[in-house]
Amino acid sequence: MLTPLLTSTVGLVAIAICIDLIVGDPRSLPHPVVLIGSMISRYEQLWNRGTAQQRRVSGAFLTVMVVGGVWLVSWLFLVVLARLHPGLALIAELWLLSTTLAIKGLGDAARAVAAPLSKGDLPTARQALGMIVGRDTQALDEADITRGAVETVAENTVDGITAPLFFALIGGAPLALAYKAVNTLDSMVGYKNQRYADFGFASAKLDDVANWIPARLTALCLWFAGLLLSVSGVLSLRWRGALQGTCRDAPRHPSPNAGWPEAMVARLLGVQLGGTNFYQGVASHRATLGEPLEPLRLVHITATVRLMHGAWLLFFLLMSVLMSVLMSVLMEVWIWR
């Protein structure tokens, strides 16, 4: 039986999921990630200078300051509202939790690519893909546009959905927002180039640590989602052998975490992801994931979105059960002290 505290946490997160599914991220409302990004940009310009060692130290300090500051400010914000009126704190936490999720946004972004692609409108599909990826899209054909959309949905299922859910269920809105701060730091300064290799070192490593468990649990949930969708006849997916194939492929990805959901999706769809991308005209090669059992085409974007929805739902249910068991064990230990 769920404890009242856990019931409250799970209930809040479930309502936040519904808010995100219905509303998404309205542009008329301020978004915490935008504020976090502005703070990072400001201090990066001030502190990213000096020797390599100085850059590493200042980058580490920025990481601690931003992540810790976001957690502390959001926690204090909710505490103050709770003292004014519990209802205000409830509404605020629901809103903050919903801003950490991107279920609707990720699905909409994928459909924005798929819709023109279904009409053969490659220029519009390339433009839509360019809104969600960093690679050059001007000359991509249908297969490469599809690959970009599938890879983005697979990878961002962790960053935009399951990892925030993981931390929200553990520590509510403050911890979920702290995770988004980690993720935003990595996306802004966690690059291995001349400007950020040292300054963004701490941010990149912390992002790797934060996503380690969610990425692997997400791959497992994607597999279960693929199994259920196949058994129910909704999709025809290659779930047999996908677990073993993912364990072989994922470590070849340059990211210690992104390879897990991408490799699993590639295996389930029977396609090959990865390969060569161009960034500002410069070729970037990375290991391929999966096997090209069939060519990449429009239907794979739709299938990936369905897998995404199945995975986050299973992830939420799995985490809720795990948290319930953990809380029950802790209570038993406390009682029998």
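Annotation: of all residues in segment 136-163 being touching a Phe, Trp or Tyr at 6+ places or on another chain (Cβ under 6 Å) and of a type outside the set (A, V, I, L, M), the one that is nearest to Asn211 (Cα to Cα) is Thr162.
None of Leu273, Leu293, Leu317 is assigned to a helix (DSSP H, G or I) and either aliphatic (A, V, I, L, M) or touching a helix residue (DSSP H, G or I) at 6+ places or on another chain (Cβ under 9 Å) (or both) except Leu317.
Within segment 98-105, one or more residues are within 24 Å of Val209 (Cβ to Cβ), touching a Pro at 6+ places or on another chain (Cβ under 9 Å) and not in a loop (DSSP other than H, G, I, E, B).
Just to be sure, is Ser320 farther than 21 Å from Gly134 by Cα, at pLDDT below 90 and of a type in the set (Ser, Thr, Tyr)? Let's see the steps before the verdict.
Numbers: farther than 21 Å from Gly134 by Cα: yes; at pLDDT below 90: no; of a type in the set (Ser, Thr, Tyr): yes.
No, not satisfied.
Count of segment 223-263 residues, restricted to those that are of a type in the set (Val, Ile, Thr) and within 19 Å of the chain's Cα centre (by Cα), is 1.
Restricting segment 38-59 to residues that are small (Gly, Ala, Ser) and surrounded by fewer than 18 Cβ atoms within 10 Å (Cβ to Cβ), the residue that is farthest from Lys192 (Cα to Cα) is Ser38.
Could you say which residue among Pro261, Pro251, Pro256 is without any contact (Cβ under 8 Å) to a residue 12 or more places away in the chain and either part of a helix (DSSP H, G or I) or touching a helix residue (DSSP H, G or I) at 6+ places or on another chain (Cβ under 6 Å) (or both)? Spell out the reasoning first.
Working: Pro261 fails: without any contact (Cβ under 8 Å) to a residue 12 or more places away in the chain; Pro256 fails: without any contact (Cβ under 8 Å) to a residue 12 or more places away in the chain.
Going through Pro261, Pro251, Pro256 in turn, just one is without any contact (Cβ under 8 Å) to a residue 12 or more places away in the chain and either part of a helix (DSSP H, G or I) or touching a helix residue (DSSP H, G or I) at 6+ places or on another chain (Cβ under 6 Å) (or both): Pro251.
For every residue, the table says whether it meets (1) among the hydroxyl-bearing types (Ser, Thr, Tyr); (2) modelled with pLDDT under 95; (3) buried (at least 17 other Cβ atoms within 10 Å of the Cβ).
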site: Thr3; (1), (2), (3): yes, yes, no
site: Thr7; (1), (2), (3): yes, yes, no
site: Gly24; (1), (2), (3): no, yes, yes
site: Val67; (1), (2), (3): no, no, yes
site: Ser74; (1), (2), (3): yes, no, yes
site: Leu97; (1), (2), (3): no, no, yes
site: Leu101; (1), (2), (3): no, no, yes
site: Gly107; (1), (2), (3): no, no, yes
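Here Pro261 meets each of (1) within 23 Å of Asp159 (Cβ to Cβ); (2) out of contact with any Asp or Glu (no Cβ under 8 Å at 6 or more places or on another chain) with one exception, condition (2). The set of residues in segment 173-218 being crowded, with 24+ Cβ neighbours inside 10 Å, part of a loop (DSSP other than H, G, I, E, B) and at pLDDT 95 or above consists of Phe199, Gly200. Exactly one residue out of Ala242, Ala225, Ala266 is surrounded by 15 or more Cβ atoms within 10 Å (Cβ to Cβ) and touching a Phe, Trp or Tyr at 6+ places or on another chain (Cβ under 8 Å), and it is Ala242.
Highlighted here are the helices (runs of 4 or more DSSP H) found entirely within segment 1-90 that include at least 3 residues which are closer than 30 Å to Glu332 by Cα: 4-23, 52-84. Taking (1) without any contact (Cβ under 8 Å) to a residue 12 or more places away in the chain; (2) in contact with a Cys (Cβ under 8 Å, 6 or more places away or on another chain) in turn, Val321 satisfies each apart from (2).
Name every residue in segment 13-53 that is under 22 Å from Leu169 (Cβ atoms) and free of Cβ contacts under 8 Å to residues at least 40 places away in the same chain, in order of residue number.
If the condition is that a residue be under 22 Å from Leu169 (Cβ atoms) and free of Cβ contacts under 8 Å to residues at least 40 places away in the same chain, then Cys18 is the only one that fits.
Within segment 321-330, is there a residue that is under 19 Å from the mean Cα position of the chain (by Cα), in a helix (DSSP H, G or I) and surrounded by 14 or more Cβ atoms within 10 Å (Cβ to Cβ)?
Restricting attention to segment 321-330, the residues satisfying the condition of being under 19 Å from the mean Cα position of the chain (by Cα) are none.
No.
Can you name the residue in segment 283-320 that is more than 18 Å from the chain's Cα centre (by Cα) and of a type in the set (Lys, Arg) and, of all such residues, is surrounded by the fewest Cβ atoms within 10 Å (Cβ to Cβ)? Applying the filter and picking the extreme gives Arg297.
Just to be sure I understand, how many residues within segment 106-154 are outside any helix (DSSP H, G or I) and not β-branched (Val, Ile, Thr)? Steps first, answer last, please.
Start the filter on segment 106-154 by keeping residues that are outside any helix (DSSP H, G or I), which leaves 119-121, 131-141.
Still in the running and not β-branched (Val, Ile, Thr): 119-121, 131, 134-136, 138-141.
Selection size over segment 106-154: 11.
Report, by residue number, each residue of segment 26-47 that is β-branched (Val, Ile, Thr) and either modelled with pLDDT of 95 or more or within 29 Å of Leu318 (Cα to Cα) (or both). Result: Val33, Ile36, Ile40. Residue pairs whose Cβ atoms lie under 6 Å apart, separated by 6 or more positions or on different chains, with the first residue in segment 114-126 and polar (S, T, N, Q) and the second outside any helix (DSSP H, G or I), are Ser118/Leu298.
The values are calculated or read from the model by the stated rules, or taken from the named source; none is laboratory data. The structure displayed is predicted, hence computed values, not measured ones. Neighbour counts run over all protein chains shown; Cβ positions are idealised from the backbone, glycine included.
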